[in-house]
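Right, one structure below, let's go through it.
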Amino acid sequence: MKRVASIAAALCAASVAHAAKIGDLTDTTWTSQAIEFLSLDTPIVRSAVLGTLLIGFCCSVLGSFLVVRKLALLGDTLSHAVLPGVALGFLWNASKDPWAIFIGATAAGILGVALVGWIKQTTHLKEDSAMGMVLAGFYGLGICMTTVIQNMAMGNKSGLDKFFFGQAAALSSGDIQLLGIISVITIILVLLFYKEFLAISFDVGFAQAIGMPVQLLHYALMALLTFAVVVSLQAVGVVLVSALLITPAAAAFLLTDRMHWMLVLSAAFGMLSGVLGAFISYLSHNLPTGPLIVLGATLIFILALLFGPRHGLLTKIIHRRRQRQRIALENTLKAVFHLCEKAHFKRKAFATSELSVERNSNLRAIESEIRNLEKAGMAEPMDDPSQAQLSGKARFKLTTEGWYRACEIVRNHRLWELYLTNAADYQSDHVHDDAEEIEHLLGKDLVQRLEKRLQNPIHDPHGRLIPSKDQLTV
Amino acid sequence: MSANLTLYKRSLLSLARWRRPRFAASIQSASSFASDAKHSNETSVPMTNDTNPKTPSPLEVHDLTVAYTKRPVLYGIDLEVPKGSIVGVVGPNGAGKSTLIKSIMGLLPVASGWIKVFGKSFNQSVTRVGYVPQRESVDWDFPVNAMDVVLMGRYGRLGPFKRPSKADKEIAMACLEKVKMLPYANRQISNLSGGQQQRVFLARALAQESDLYLMDEPFVGVDATTEAAIIEILRELQAQGKTLIVVHHDLTTAPDYFDRILLLNMRVVAFGKTEDVFNFDNLQMAYGGRLSILSEVALSRARKKAEGDTPDNLAE
């Protein structure tokens, strides 16, 4: 039985030999496999789905509290710290008894967390250093203990390596039972003590000042977390379990501004990534479940990062692009207004070449700007496009809506210039650039307040007319 | 009264264990502090309200010493705050102003001495004390809105297992209204300005509906309008007979805002009515000059005391 020389070799050998996958037992095409998976026919699929669902739920709900308390590293600390406990539980009756392992691992996990708290309290080391040390120290101890167990001559040692890399298919009915119990306890405690957990997470000093048993609540949360980590270890492994705690919660954090919604979203993301991982692992014959679950969660996070309605990167880019387009459109309208003003409001139609001179820009750019105006319904061509092929000669005019908008923009600009010179004591030749930016941003309320403040003015500081909607019609 | 008994036992124990240095009284004789009589007997038992027919003081502190990892931060603090006063706690940086507030609420272990809130231990009076922590003490990116934060002020009264009721929500709304933050009730707290955040914290304390308020630098980082609004609310609370203890760093406004001043620099430099206490000599003593020599001596003795400290029998 001295198959293994070192723990590293053991782990490598193990991961290759029992590549963690659920689809091992069947050998059909992937469509029929997908149907098989979705119909939940075989017990192995059922236990894998149920297991990953419950793991996703527990880890992501409890992990939300870690994320908002900036204790993300604590997840890693816990998952590594439980390892010596797992080994001890294994030694208890020399088999993979879920309860013995659970008890040993929980004890080790809580000891690890308590040690972090103790180091933080008695030294002036910060929490992150304490967590880093406890993590590595316990992990080292765990590896040594498992190596010793692997080398001992005793019964069934298979399954110990699952704790390092995880194997969802290895979840026994006992494991599922345990997971179910932990999930129920998690739901009950989080619902029952939601306001306490919220208070200690947001403002621990205040929570203590209003008489909450802060230490007890902290350790209750840590105990729940340890439970969740221990039961998830076998499915996803020591290294990846912290990703299950953090990633769905982080994705939820990007999408909502309320703690209870964060918990709900996080739970949904956790369960979704769990099932997603199990499903893909089932379809592909060689991919392990644990990493796929984590990849699923990461994918959800990336989607939230890109498409989140408020903080999403892509959302922001789209928003900025729209804003730029709007500003370009408004600048064109303003230029048309200026043309109109120079013609003493006697002409409605203008050639593109005229606008090109006014905006000091080349014809091609102007033509595309006018096309944009036409698309927005703010301008219309005057001539038959087939006749006016001569470049720069094509004429256009603004629609009523376009004219209305043009007046509005110029009005904003001139009102602001007047405000700066009158109220803020700017020189009249210093105000144009500022107004150039603000004209696109003034809302109705602000314009109304400006009008009131300036007593409905008629002329801007340069003596030009401030257009109002009813004064100017074309 | 069982808690008073344990409190009594504890103080007796701490008295028996350490021979208290007598520096506190000698320094305080220079100040206008009036309760020196109590110091005369080292083994004197703290007065509890059952021997005292008058209503107990909202806050009574006797010979309080607080140490961070054996380095004393506060020592020999004696205080008796009369009901309905606004006390400004003033002193240089590191004087232990926040430490005093935190140790009153049991957030820090006390090395020796005792604290009574309305004649009882803090834990027994916990619902009668409102708290405004420093604004930087929390993460403002936390996923809660202004309303959620103010509702936390109700948690202490709710006790475990109960959720905030409609009545609690109405109280929270009224408190938000009082600090003129009702239009921002649904804003995530990071989208509020510093002054608005401070007002949310004040609203949370108001929602506690307490009789004694402890406020840690409520005027830091707020604009003039907010400062005026806050002081107006504080006056209103005072008019309702509540007692307020406010840590403050701005000496220019302190005499206008507070009717009593506690000048603090690791010990009580002076405590009393603003007009009696807020003078050049006392400020000089609190902020520099000849204090340093005295405090050197006092510090070394306090340090000796702190080294013999075993915090287990002193917690709470």
For region B:149-168, indicate whether the set of residues that are in a helix (DSSP H, G or I), surrounded by fewer than 14 Cβ atoms within 10 Å (Cβ to Cβ) and more than 14 Å from chain A (Cβ to nearest Cβ) is non-empty. yes
Look through region B:118-137, keep the residues that are assigned to a loop (DSSP other than H, G, I, E, B) and within 11 Å of chain A (Cβ to nearest Cβ), and return whichever of them is surrounded by the fewest Cβ atoms within 10 Å (Cβ to Cβ). B:GLN134
Any hit, region B:191-199, residues being under 23 Å from B:LEU100 (Cα atoms), in contact with a strand residue (DSSP E or B) (Cβ under 9 Å, 6 or more places away or on another chain) and touching a residue at least 12 places away in the same chain (Cβ under 8 Å): yes
Any helices (runs of 4 or more DSSP H) falling wholly within region B:195-280 and containing at least 2 residues that are among the aliphatic types (A, V, I, L, M): B:224-239
Could you count how many residues in region A:202-218 are assigned to a loop (DSSP other than H, G, I, E, B) and within 7 Å of chain B (Cβ to nearest Cβ)? 3
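From the list A:LEU189, A:LEU244, A:LEU225, pick out the single residue that is within 12 Å of chain B (Cβ to nearest Cβ) and assigned to a helix (DSSP H, G or I).
Of A:LEU189, A:LEU244, A:LEU225, the one residue that is within 12 Å of chain B (Cβ to nearest Cβ) and assigned to a helix (DSSP H, G or I) is A:LEU189.
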Using the structure shown, decide if A:GLY137 is outside any loop (DSSP other than H, G, I, E, B) and either of a type in the set (D, E, K, R) or away from chain B (no Cβ under 14 Å) (or both). yes
Is it the case that some residue within region B:98-109 is within 7 Å of chain A (Cβ to nearest Cβ), in contact with a strand residue (DSSP E or B) (Cβ under 7 Å, 6 or more places away or on another chain) and hydrophobic (A, V, I, L, M, F, W, C)? yes
Which listed residue, of A:SER284, A:SER242, A:SER266, is touching an Asp or Glu at 6+ places or on another chain (Cβ under 6 Å) and not basic (Lys, Arg): A:SER242
Which residue is farthest from B:GLY94 (Cα to Cα), if the candidates are limited to region B:233-260 and must be polar (S, T, N, Q) and over 17 Å from the mean Cα position of the chain (by Cα)? B:GLN240
Would region B:262-272 turn up any residue that is without any contact (Cβ under 8 Å) to a residue 40 or more places away in the chain, out of contact with any Lys or Arg (no Cβ under 9 Å at 6 or more places or on another chain) and among the small types (Gly, Ala, Ser)? no
Looking at region A:94-102, is at least one residue outside any helix (DSSP H, G or I), on the phi > 0 side of the Ramachandran plot and not acidic (Asp, Glu)? yes
Expected single match for surrounded by fewer than 24 Cβ atoms within 10 Å (Cβ to Cβ), within 24 Å of the chain's Cα centre (by Cα), within 14 Å of chain B (Cβ to nearest Cβ) and closer than 22 Å to A:GLY180 by Cα among A:LEU265, A:LEU254, A:LEU276 is A:LEU265
A:LYS96 meets each of (1) among the basic types (Lys, Arg); (2) under 31 Å from the mean Cα position of the chain (by Cα); (3) within 18 Å of A:THR147 (Cα to Cα) with one exception, condition (2)
The listed residue being closer than 21 Å to B:PRO255 by Cβ, crowded, with 20+ Cβ neighbours inside 10 Å and away from chain A (no Cβ under 14 Å), out of B:ILE86, B:ILE77: B:ILE86
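Every number here is computed from the coordinates shown, using simple stated rules; none is lab data. These numbers come from a predicted model, not from an experiment. Quick reminder, even Gly has a Cβ in these numbers, built from the backbone with ideal geometry, and neighbours come from all protein chains shown.
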